[in-house]
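The values are calculated or read from the model by the stated rules, or taken from the named source; none is laboratory data. Note that the structure is predicted; figures quoted are calculated from it, not measured. Glycine also receives a Cβ, built like all others from the backbone with ideal geometry; neighbour counts cover every protein chain displayed. In case anyone asks, the SASA skips ligands and DNA or RNA and just uses the protein heavy atoms, side chains included. Shrake-Rupley method; radii C 1.70, N 1.55, O 1.52, S 1.80 Å.
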Amino acid sequence: MLVGSADVARLAERAGTIESWATESLRLENVETLTVVYEIESAGAEDLLLPALHPTIPPIAAWTFHRAAASSAGPFTLAELRIGCRFGVRPRGFVAGAFVDGAGAASLLSTWGYRAEVADVRLQRFYDEVIGTVAIDGRPVLAALLLDPDPLSPSDVQQIATMVLARTPRGIRLVQVEPELTIRRAERGRPRLDHFDAAAWGADGVRPAYAVSASTTVSDMTVPPIRYVAKPDVLAFEGTEAVP
């Protein structure tokens, strides 16, 4: 059985912090989302994931942008890099890095364990392409595109929950973030990754190899309070804990 081999202490250096558990859901309406998926080189891929997680075969990475027009912290755009994995038998995406375009939004997202660095994050839609970009102090660190969008049935979009490593009231834990989506529009297209600075994302082991897919949606999103966390160094059936 394949499991991740990343050092917990090393990844914990970039972990977020949950001071107290959320008691209310985060409700976001008309969220525009872009997801670009690539197969990545297998050499060293297991070191991207913690021992509680199982790598996919082949290993994959997904760059996802969420643009929310309104929230309690104002409008924001979040970009995240997720590594495909399984937690127990369930597919998940482990967040290797994240950026957001405002300090208020970064604070809001920390309630769910995110450590999102503030940067210039943009999601732009044109008639023939959707473009997600991230820049730090004017320096590009990501450009991901969906080309030639075609309509897709909302029911054909697979929703995969997220795992985030964070410092919590229980210690260092993998936090399950499980958004509930009502998808209103969905499209697919050709994926293209024009630029990716792995070091800026803290993900030197992510080396994109083959384009897999690209999709874009508009949805209403509800992020409920955290229900489960897990110890990062043991498997799901042994290390999962209910919250609170």
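A few comments on the model shown:
- Enumeration of residues in the range 216-244 that are surrounded by fewer than 14 Cβ atoms within 10 Å (Cβ to Cβ), assigned to a strand (DSSP E or B) and in contact (Cβ under 8 Å) with a residue 40 or more places away in the chain: GLU241
- Within the range 8-18, restricting attention to residues that are in contact (Cβ under 8 Å) with a residue 40 or more places away in the chain and part of a loop (DSSP other than H, G, I, E, B), the residue that is surrounded by the most Cβ atoms within 10 Å (Cβ to Cβ) is ILE18.
- The number of residues in the range 70-94 being open to solvent by 20 Å² or more (accessible area, probe 1.4 Å), in contact with a strand residue (DSSP E or B) (Cβ under 8 Å, 6 or more places away or on another chain) and under 30 Å from PHE237 (Cα atoms) comes to 4.
- Only one entry of ASP204, ASP194, ASP150 meets the criterion of being assigned to a loop (DSSP other than H, G, I, E, B), out of contact with any Phe, Trp or Tyr (no Cβ under 7 Å at 6 or more places or on another chain), open to solvent by 80 Å² or more (accessible area, probe 1.4 Å) and among the acidic types (Asp, Glu), and that entry is ASP204.
- The lone criterion from (1) open to solvent by 30 Å² or more (accessible area, probe 1.4 Å); (2) not in a strand (DSSP E or B) left unmet by SER213 is number (2).
- If the condition is being open to solvent by 80 Å² or more (accessible area, probe 1.4 Å) and either among the charged types (D, E, K, R) or closer than 22 Å to VAL206 by Cα (or both), then the range 120-139 contributes ARG122, ARG125, ASP137, ARG139.
- In this structure, THR182 qualifies as part of a strand (DSSP E or B), loosely packed, with under 15 Cβ neighbours inside 10 Å and either modelled with pLDDT of 95 or more or not hydrophobic (A, V, I, L, M, F, W, C) (or both).
- Single unsatisfied condition, GLN159 versus (1) free of Cβ contacts under 8 Å to residues at least 60 places away in the same chain; (2) in contact with a helix residue (DSSP H, G or I) (Cβ under 6 Å, 6 or more places away or on another chain): (2)
- Some residue of the range 220-235 being out of contact with any Asp or Glu (no Cβ under 7 Å at 6 or more places or on another chain), at pLDDT 95 or above and small (Gly, Ala, Ser): no
- Enumeration of residues in the range 56-69 that are part of a strand (DSSP E or B), open to solvent by 20 Å² or more (accessible area, probe 1.4 Å) and of a type outside the set (A, V, I, L, M): HIS66, ARG67
- Annotation: SER5 fulfils all but one of (1) out of contact with any helix residue (DSSP H, G or I) (no Cβ under 7 Å at 6 or more places or on another chain); (2) under 22 Å from ARG207 (Cα atoms); (3) open to solvent by 30 Å² or more (accessible area, probe 1.4 Å); the unmet one is (1).
- Residue under evaluation ARG173, criteria (1) open to solvent by 40 Å² or more (accessible area, probe 1.4 Å); (2) over 15 Å from GLU32 (Cβ atoms); (3) more than 15 Å from the chain's Cα centre (by Cα); (4) among the charged types (D, E, K, R), criterion not met: (1)
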